[in-house]
Every structure is written in C-alpha cells, then in structure tokens.
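Here is the structure we will look at, set down as structure tokens.
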Amino acid sequence: MDSECVSLLPRVCKVLADSGSLPDDTSLEKLLDWFTMLIKTGESVLESCPCVTEFISTVVCNTASEPSVLSFTLKLTGLLAATEDGFLTLQECSALDQAFSLQHWQGAGLWEDPCLRIGWIQGLKNSLQHPKALSFFVQSDFIQPLIQLQTDTSLFVAAAANQMLADVLLLFQPVSSSGCNSMDEKEEKVNGRTLHASNIDLEQPAVTMETSAEYTAVVKVVSQYLKESIVPKGNTQLQKTKQTLKLLALLLAQARPPLRDELLQTVSGSLEEVVTAGYSQLTLPLLEVILAAYSSRTESVLVQRVGSLLSSMLNINKPAEVIQAAAAFLRSGHHDTTHTPQAVRILLLPLDIITGHTLLGTDVSDDQQFTRADHLTNKTSCISLICTCLTNTSNITLVPSGLLPCPPALIITAVLSLMRICRGVSTSSSSGCGDICRNVIGSGKVQKCALDALTFLSSSPGAKEKISEVFTVLVKYLENPDSEPTVIHKTYQAIIKWISVCTDFSFITDQLRRDLVEVVKKRVCDMRWEVRDSTVEFLGHLAGVSVSLKSAEEVCSASEALLGGCSTTPLLREALQDTESYVRASAVSSLAKTLTHSWQQGAAHTQEETEIVSRLLEILSKDTEGFARRAVVQYFIAWFSTSSSASHLTQSVHSVVSQGSADLDWEVKFHTLELAELLMDEIFSGRQGYRKSLDTHHDAQHPYGVVSEQAYTLHTHKEEVASDLSRVLKNLVEQGVVSVLLSSVIDCDRPVALKACQLLITLRQTVCPLLLGNQDASTETIDRVSCELPGWGWGLEIRKILGIKKSNDAQEMDMMAKVETGEECAVEGGDSVTVGLCEVLGSLGLDNMLDVLTQSSDHIHNSPLSLLQDILTARAANTSSDTHPGQEVIVDCY
C-alpha cells in the first residue's frame, strides 16, 4: 500500500465513522474496489492499517451511522474475513459477531433498510472463502434468514439472496476428484446493475465443511425449502415459486453429483405437481429447471423422470404455453430423437394450419389441430403464435434433417405462402382458413418475422430450387405501396442474402430484371426517407457482392446480375442531393462500392467522376451533418486504397485533408488522418525504415523507438538517399499532410491526437536515422525541407511547444487577443513562421505526448490517493461554516 494512502486512511476512517453521510455514495463502492484489489494482491490490510479494525468496531456499534456507510462496513468486514488471518483478527475483537448479528440490526430498527440487507448478504458472501468462515456461517444459523430473504420485498435483495444461497450450497459440496471448486465465480448482476461487493475472486483453493454433519444439515434445510416452495399455494405465491425455480435452475446447472442427484430426487415430485397444474406464468421458469437437469446427464432413473417432465411440458394443451416451451427447448441446443421432432412439430403447426401446406404429415392429432386452429382465430394470439414460429425458424434450420417432419424446401414454400397471404393474395392451399388468414393480412410484424425466417432459410438444403419463387415474392413486396419502411429494408436484406448463395442466375428473366429496376427507381424517390435510405444502401450492397455466372472465371457484381445494363450511378448521384443526411451518407458509401471495380481496373477518369468529386468536396465543406462528411472522407480512403493509379486524385486530396482536419466532428478528423496515413504509405512506399502500421508493431524495445541506421544499408550512397528523401518530404508538405498531422496532434479529441502523434513518430523514424551522428553535407538537403506554421490556431500552439517567439511582441499580443475573442485575422507574411521539418519532429516531444495520450483521460485522478483526498475534501466542505445550505459538494470520484 502506498505510504501516502497509509497516512490518510486513519483520517478517512474517522470521517466515515461519523454519523454524517457523504455527498456521493459511489466513493464507498470505489473504496471497496480498492480494498478488494489490495487483498487480491496479498496485502494484509488489518496488519498494515489497524485503523480499519477500529473503524469496523466503531461503525457496527454506532446505530446512528448512515445506512450506506453501514452497508459498506458489512461488505468490507466480509471482504477482510475472506482470509483466515483476517477472520481470526476480526473474531478476536468480536467485530465479526457484531457485524452480522441480525438481532443487533433488528433491535436497532435498521434491518428494514434494503441497503443494510444487501450489505449483510454481500458481506457474508465475501467471507465464505475458507472452512472457518463456512463453520461460522452454519453455527450462527444464517441459513434461515438467508432463506427468508429469497422472497424479500426488494428485488435487489431477493436476487442477491437467491444467488448467495446457490453459492453457499455449491461451496459446501465435497471436492471432486479434479479438486476444483464448484462455485461459479462470475460477476453477479441484478437487473443489469453490478453489485461491486460480490465481484470477489480471491482465487482460494476449494473449500469444504470440516464435518460432514454440518454439510448434511445445510443441504437438508435447503432441499426441504426448495421442495416446499416449488408448489405455489394459490396465485399469490407465484412470484415466490418463480424465485425458487430460478434458484433451483442455478443449482442444477452447476452442482456435481451427489448434490445434484440429491436435489433432483427431493424436488422431482414437486416439479411434477407444478407441471400437472399447468400454471401459465411458470412455463418458462419450469422449463429452465428441466433443461438444466436434462443437460446434467444424471443417473438413469432420474433421467427418465426428467424426460417425462419435458414430454409433459411439450404436451400442454395450451397453445401459447406449449409453443413457448418448444421454442425454449430448441434454443437450448439439446437434440434427441424424441423431444426435438416434437418441438419442431409444435412450432411448425401454426404455419401448417394457416398456409394449408402439409408440413407435419400425419403426426398431428385432430385434437391438436382443432385446438391450435381455434386459438389462431383470435387476431392477437394468432399473430403472436405465427411470429414465435417464424422467429424460431433459425433454430429449426440447425436441427439435423433426419429429425425434421418435412424437407426444408417445404418450409420455404410455406413461408412464401404466408408472405402472399400477408399481402392479401389468397392461395388455393389455404382455402377454408379465411378467418385465420384475415388476421395476418397487412400485419407488418408477421411480414418482418417472415422475411427474417426467409433470410435464415437461404442456406437450407433445397433452397436453390426455390430461388425463382423467392425473388418473385420479394419483388412484389418492394412493389407493394403499403409495405412499411422496415419491411422494405428487410426485403432488401433478404435479396442480398439469397443472391450471395446463388450459383445459377438463369432464373432472372428479362421481366424480373425490368420489374426490379423499375421498383428500385421508384423507391429511391420514395416520400419516406427511411425507404430512400434502405434503397440506396441496397444498391451499394449489390455492387459489393461478387457472384459467379456460368463458371468460376465469369465473375460480376450482383448489381450487374440483377439489374443488367441499368447504371445505378445516376441514381446515387441524385441521392447526394437528398434532404436527409442519412440518405446522403448512404449515397456516398454506395457510390464508393459501385465505383470500386473501375478503380481496381485503373479505368480512365471520367467527367462523371469529376462531377462526383466536386459534389463530395461540397458536402465536406458545407454539409451540416457529420454522417455525410464522414462518408466523404471514407470515400476518398476507399478510392485511394483501391485505385491502381491514384495520380488523378492529387488535385482533390489536398482539399480533403485540409477541410477534414478542420472539421468539428472528431470522426471526420480521425478518418482524415487515415487518409493522410495512406498518402504517407504511398509516398514512402518501398523505402527502407518506413513502417506502415506503427500502432500494431511490437518490438523488443520501445515500439516507437528510432529505427537503426542499419535499415538503410541497401542504399549505396547516403547522399543519394538524402536527396531522394528530400523530394519525398517536400511532396508530403505540399500535399498538406504535415499541416494536418501538426494541427491534429494538439487536438482536444484524444483519438485524433493519438493517431496524429503515432503518424508523426512514424515520419520521424523514417527521417531521423539519416540525421544521427555527424551533420555532414548530405543531411543539409533534408534540413532544408521546411513547413509553415501559421500565426493563428494550431500554428500558435505548435510554436509555443517549440518555444518560437515573434520578433514583434506587440503584434503577437494583438494576434492573441483576436484569437481569444474569436475575430477573424488574416494571416500575413509576418505572422507565419517557416521552420525546418526535422527540427519540428525532433523538438515536439512526441514520445512524451504518446505516453500521455495512450493513457486513459482520467489517469491523473484515477488513483486510491485521489479517492481518499476526495472523501476528506468533501467532508471538510460539507461541514464548513462557509458552505451555504443546499450548496452541492461534488466528489470528483474516479
């Protein structure tokens, strides 16, 4: 422990022991985290800081303390008792008995506060890391109050007690032959909220009770509680049963024999009773318990009973519940020859009834058919059942084909029939189910689920034979004026998925191609911006998917295969003018994907591309939304990294990097640096000593160290190298890359500054090896390469770092005043300073910058010392006579 922390801790303990509260309770959680870290590293806190023992004794005896401080103290007590030495120390001064005495807290009237109950639970749980603590738990008869807390009025308390009871029972079981501890050491989360005190992993060896009698007594009490709590005594106790089933599922999933078998033997009768009673609210919790037992592969007799329970769950004569059970079983991933086919048939039955396709053969009884059909006549339940069926299609596709009641291709046919019904197109196979069909007509929810199911089915056996029918239905969905934007979006996704697995495009007739082209042109001008955006994205995805035509040698884009000779570039150019920024951004991205092929082929720069670049530069300089501006810079990145001849990009690149580096959006600036990196890669291509990926390079020494001069041994004459490098550096300055890097390295956004710093170090590594040693005539050529630092903004900041002063102090003061007031100031010749590039690279202190930037933004204040100081400062300010009533005291707690 740091000596400064040791000196401050007694004062902090005294402050916390006072009855007043802290302005920010999170400081207590952070303090607990610090103590946890110390104990994990083997620190003997009670030995090095005796004040902690005194603090615990004082607080637990002072019932006037704030509940948050009391809760913290209980958690800390358990944490310190997690080691045998700490346990004995606390027991000698009676702090342990006092801290966890229920009579003490109940008598003081503090037990009613859930904050205290949470502290009691977590404190006890923290301590159970060795046999002495386990014996203390049993001898104090803490198992009974822990059981009572299972149904606490506070959900947080009940969940914590539930988890702890499972951990206690698992800790008490005998160590297996492997010698591993069965206690699950995962983080405990309650309703998404992490309970910090429970995140204890002291990596102690497996612990067991010292006597089998103590172990047996605990197991007997818990088993009896489970047996009696599973069967609800009326609807008012359903919540208690749910909590019990959750606990039982935890235990069965983690316990080893013989504990697992003993628990299952005790509760199996109660489980059967609940299953037979058919409580709708308990279907899923029950199934979780059954699946946990089913996957444990326990002794054969119990396996049969569990299998019987699972069969009963899958035979409930309640459509909504039985389909939930079937879906949960398939999601679990357990497959057998009995229950898997049964679950699949349950899920496919609603689809079978509504479409009229015989998906189940003769495996469905008339009673089941009638019950499901009757349930489907209600619109709400009909849509719910159908959507559950469709949503679980992905799990059905994972079932071995031998366990399916019909070929996967028939399921595709049924889904397509359902999609037609949703559009109001009746099918001959669904005649006689008119009332049911009317329930799904126009239902966007069913349509979206069906499209998702169709997407999953694209990789099923026999899917290729259905591709023509699939595309016909999908195009009709795009043509339907009543289709919701999300439905259209999912339709586009389904088209992309199906065409990516297609090997034969003979199904694409001229009529289908004309229909698709026409509907795309229509949708790209839709009144709803979401539809326009989905359509533009679709065109980009099509261009980015490569497909084979008749042989592996004939490869083209999906856009060519589906849309034929229709050029999508004019549509995308028009979308660049869209009023919605999302659409503009999608249009820019889709244009990049569409033009990638011509860039790769090195095609001549066309007038159309020139006009596109002009529009993109206009978006970058004038667009008010960051989405489109980000997309523009990424467009040029894609162009520069893909084009086989990037010479025609030279004119526009300077504009992109200068505008992008001055953008207000940090992502635009970061992407601009990525473009600058590509320019550096291009300019320094093939030169010794240049590393492309500095941030991923791992060296035995400092990863950002200067490259040895030996890297240049392939060059015969150092003078020739210097002359060549001088031309390269001048080109880099003229392209504006150096200005971008210098302006970005002082940027307020840390990712931007970090990236710029890494690139500047890369540049220094490439140049500086030639400057090591004697400064002879050959290096003077590089020394003469200069860059200009403007007299405003980033130029002033860089000049301050370099220590450059103006000759005219009055002029400098005037310029600074204008900058501070936001006035525009023209950069005249006298205001700018020309400096040598190598001088800048060597004087900026880039390595120190990198050390700071690679740390988190709160590294200065994120320390235990800062935390202790914050607590003392907050309390001093809170008790100061200068503090006005109601004045907030902010704790700058990390």
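Could you work out Rg/(2.2 N^0.38 Å) for the stretch 486-617, with Rg from alpha carbons only?
Computed over Cα atoms of the stretch 486-617, the ratio equals 1.05.
Report the Stokes-Einstein translational diffusion coefficient (µm² s⁻¹, integer) for the stretch 278-351, Rh taken as the Kirkwood radius over Cα pairs, at 10 °C with viscosity 1.306 mPa s.
The Stokes-Einstein estimate is 129 µm²/s.
For Val545, which sequence-distant residues (separation of 5 or more, or a different chain) have an amide H within less than 5 Å of its own amide H, given hydrogens modelled in the peptide plane?
When sequence neighbours closer than 5 places are left aside, the close amide H contacts are Ala558, Ser559.
If you split all Cα-Cα distances of the stretch 254-313 into 5 Å bins from zero, what percentages do you get per bin, shortest first?
With a bin width of 5 Å, the distribution comes to 4, 18, 35, 25, 13, 5, 0.
Whole-Hz ³J(HN,Hα) for each residue in the stretch 302-313, computed from phi via Karplus 6.51 cos²θ - 1.76 cosθ + 1.60 with θ = phi - 60°, x for glycine and proline: what do you get?
5, 4, 5, 5, 5, x, 5, 4, 5, 4, 5, 4
I'd like the trypsin sites (Lys or Arg not before Pro) in the stretch 481-553 restricted to DSSP loop residues with at most 12 other Cβ atoms within 10 Å, sorted by number.
In loop regions of the stretch 481-553 (DSSP not H, G, I, E or B), the sparsely surrounded trypsin sites (Lys or Arg not before Pro) are Lys550.
With respect to the cross-link table entries Lys242/Lys448; Lys14/Lys75; Lys125/Lys242, which display a Cα-Cα separation exceeding 26 Å?
From the list (Lys242/Lys448; Lys14/Lys75; Lys125/Lys242), the Cα-Cα distance tops 26 Å for Lys242/Lys448.
Given the C-alpha centroids of the stretch 737-760 and the stretch 512-545, what is the distance between them in whole angstrom?
39 Å
Can you list residues from other chains, or at least 5 along the same chain, whose modelled amide H is less than 5 Å from the amide H of Ser786?
Hits under the 5 Å cutoff: Leu837.
Give me the accessible area per residue for the stretch 58-135, probe 1.4 Å, as a whole number in Å².
32 Å²
Given a 1.4 angstrom probe, what's the average accessible area per residue across the stretch 268-361, in square angstrom?
Each residue of the stretch 268-361 exposes 36 Å² on average to a 1.4 Å probe.
What nm value, rounded to one decimal, do you get for the distance between Cys748 and Thr276 when each label is placed 7 Å out toward the C-beta?
Each label point is offset 7 Å from its Cα along the Cβ direction, giving 7.2 nm.
How would you rank 259-267, 594-602, 449-457, 786-794, highest first, on the average number of other Cβ atoms within 10 Å across their residues?
Going from most to least packed, we get 449-457, 259-267, 786-794, 594-602.
Using amide H atoms built in the peptide plane, which far-off residues or other-chain residues are under 5 Å from Tyr279 H to H?
none
Multiplying the sequence separation of Glu479 and Thr391 by 0.36 nm and subtracting their Cα-Cα distance, what value in nm do you get?
Answer, rounded to one decimal: 29.2 nm.
If you look for lysine pairs in the stretch 490-600 that are eight or more places apart or on different chains, how many of them have Cα atoms under 23 Å apart?
The number of close lysine pairs in the stretch 490-600 is 9.
Return the whole-Å distance between the Cα centroid of the stretch 398-412 and the Cα centroid of the stretch 126-150.
Using only Cα atoms to place each centre, the spacing works out to 52 Å.
The values are calculated or read from the model by the stated rules, or taken from the named source; none is laboratory data. None of these values were measured; they are calculated from a predicted model. Every residue, glycine as well, gets a Cβ built from its backbone with ideal geometry; the counts of neighbours run over all protein chains shown. Only protein heavy atoms, including side chains, enter the accessible area calculation; ligands, DNA and RNA are left aside. Shrake-Rupley method; radii C 1.70, N 1.55, O 1.52, S 1.80 Å.
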